[in-house]
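Here's the structure we're looking at; comments come further down.
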Amino acid sequence: QGENLLYCFEVAPTQPALTQVTQCRMEGSTRGLATVPRLALDVMACEVLRVLQLTDTALVPVSYLVPRKSVQEFHEDLFPDCAGTLPATSAQAWWAGDNQQVGRVSMHPARRPTETFSSPIITCTRLPAADTGPTDTDGDQSVSTGHWGMCQGGYSSPSSLASPSSDATPLSASTGPSSGFVSSPSQKSLQSILGPSSRFRHTQGRVLHRDTHLTNLRGLSLTTPGECDGFCANHQRVALPLLSAGGQIAVLELSKPGRLPDAAIPTIQNGVAVADLSWDPFDPRRLAVGTHSKHPTLGTSQPGIPIPAQVGTAMDHSPLPGHTEKIYSIRFHPVASDLLVSSSYDMTVRIWELSAGREVFCLRGHTDQIFSLAWSPDGKKLATVSKDGRLRLYEPRHSPQPQQEGPGPEGGRGARLVWVCGGAYLLGHRAPLPLSPPHSRSERRILLYREQALSEGPLSVLGLDVAPSTLLPFYDEDTSVVFLTGKGDTRVFLYEVTPEPPYFLECNSFTSNDPHKGFVFLPKTVCEVREVEFA
């Protein structure tokens, strides 16, 4: 009383026993609070709780709603059957030992019972006091009841059930601090209604100061495949494909932010259009490029000389012959040096030993275009997803054929794949089908697969939104948070991925002012940990 903050906590029988759910600031000071009975809630609006606040001058309702995509249907999980309004037994039967409970009724508006109960109107009937020994015969030992009110007085139980030494207890005692209620097993906790929440649900995305930006970028290539991140970066520099002929790539130093000159900037020449590119995770001077030619290209700068000063002539360009069709995607090995993997329209995946400049292994078994490939965090396995709607899992040191295979993300317009939860699960995404007007199949979805059971299909499927572009996933192993956005999007989705249901815990999304042309993450070593920056 006298405060203007209303806290909502979930109470659990295990630690943490109290978990704050929300905090609401009221307009006026509270003089009293009451909750509205559940049968009075607006269930079709997903209202799970309504509180009435009494102020000095008003009675203010406070409504708690659970966000749902559809409010046109009754949500059984939010509204289990609740206690009805008909008594379970009579006073005489209760004293005789009857322990029946009030019957539960459906909260569905169309299935609610119509019968009601009314107490008989009695005009101050005197109930005889229990015979508990000598009493003052002049004292009033009765209680008077009416339909709406109750007269002052003591109340004693019938003599057959009362203890001779017990004193009469005033009715007002039942409303004191010791009074409470016990939740029935069918009541769902607030956490089970709202679902578990992520530890990182309050993560805030923030655009850094303009002084850190590289501006005046011109002539960027927009023709890289939807599964390509669009460009790539390491802790020192960024590589950007350009639209100009010859598959040119601009390499810019992150240590020199600001406006780029209007004049032409130094570029790497590749001869043909760029499909994908990747920095070596162990050598910040080496860049691998997948092009529309049949050969991945490797570029390495001379030690001590910035790449922009060497591009075109001084860089070591090493084509890697092997594929019979143009390259689609490339990835460096996460553990071993000098290992690169590439996929091609020839439906093969080839592994290259860069120190020798040769192909060392060819993975087969695909029947259609390979959309995405991903090394497991420990580098032992390689997962692929292809246009035929199949997920394949390889162990390159053991066999060129897939060790496992199962149904993957459906659709022939593109897909992405990333390992999550320490390499025990795979997260996949398929590009939506171009349907108009928007159809359920045009919804962008992410799917979670268990690495040990690909043949069983996805464990969980989560719909995000309706948009045409392929989602680009980035997974942070330290927090188990996955970031998802697409080219042309302005929103970045964040979800914590867990190995237990419901598998995806939503966090705060981030919205930018301008649509993305590409999206990449820097190494964790550049994060400002003193400001709790984790990505």
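The values are calculated or read from the model by the stated rules, or taken from the named source; none is laboratory data. Computed from a predicted structure; not experimentally measured. Backbone-built Cβ (ideal geometry, glycine too); neighbour counts: all protein chains shown. Calculation scope for accessible area: heavy atoms of the full protein, side chains included, ligands and nucleic acids excluded. Shrake-Rupley method; radii C 1.70, N 1.55, O 1.52, S 1.80 Å.
Restricting attention to the stretch 88-118, the residues that are out of contact with any Ser or Thr (no Cβ under 6 Å at 6 or more places or on another chain), surrounded by 10 or more Cβ atoms within 10 Å (Cβ to Cβ) and part of a loop (DSSP other than H, G, I, E, B) total 11. The strands (runs of 3 or more DSSP E) falling completely within the stretch 314-432 that include 2 or more residues that are under 27 Å from the mean Cα position of the chain (by Cα) and either within 25 Å of Q248 (Cα to Cα) or not aromatic (F, W, Y) (or both) map to 370-375, 382-386, 390-394, 404-407, 415-420, 425-430.
So which residues in the stretch 491-515 are in a strand (DSSP E or B) and open to solvent by 40 Å² or more (accessible area, probe 1.4 Å)? Scanning the stretch 491-515 gives R491, E506, F510, T511. Taken over the stretch 442-482, the residue count meeting the criterion of being in a strand (DSSP E or B), under 16 Å from R413 (Cβ atoms) and touching a residue at least 40 places away in the same chain (Cβ under 8 Å) is 4.
Exactly one residue out of G518, G488 is in contact with an Asp or Glu (Cβ under 8 Å, 6 or more places away or on another chain), under 18 Å from D229 (Cα atoms) and assigned to a loop (DSSP other than H, G, I, E, B): that is G518. Taking the stretch 246-300, which residues are open to solvent by less than 60 Å² (accessible area, probe 1.4 Å), touching a Lys or Arg at 6+ places or on another chain (Cβ under 6 Å) and at pLDDT below 85? Once the filter is applied, which keeps residues that are open to solvent by less than 60 Å² (accessible area, probe 1.4 Å), touching a Lys or Arg at 6+ places or on another chain (Cβ under 6 Å) and at pLDDT below 85, the stretch 246-300 yields only T300. Could you tell me whether A356 is surrounded by fewer than 17 Cβ atoms within 10 Å (Cβ to Cβ), in the same structural domain as V341 (by the TED database) and aliphatic (A, V, I, L, M)? In short, yes.
Scanning the stretch 209-231 for residues that are farther than 30 Å from S372 by Cα, of a type in the set (D, E), open to solvent by 60 Å² or more (accessible area, probe 1.4 Å) and not assigned by the TED database to the domain that holds Y328 turns up at least one hit. Selection of the stretch 407-428 for residues being open to solvent by 10 Å² or more (accessible area, probe 1.4 Å), on the phi > 0 side of the Ramachandran plot and in contact with a Gly (Cβ under 9 Å, 6 or more places away or on another chain) yields only G411. If the condition is being surrounded by 23 or more Cβ atoms within 10 Å (Cβ to Cβ) and aromatic (F, W, Y), then the stretch 372-396 contributes only Y394. Residues in the stretch 359-371 that are surrounded by 19 or more Cβ atoms within 10 Å (Cβ to Cβ) and on the phi > 0 side of the Ramachandran plot: there are none. Given the structure, is F9 part of a strand (DSSP E or B), more than 24 Å from L464 (Cα to Cα) and among the aromatic types (F, W, Y)? So F9 passes the test.
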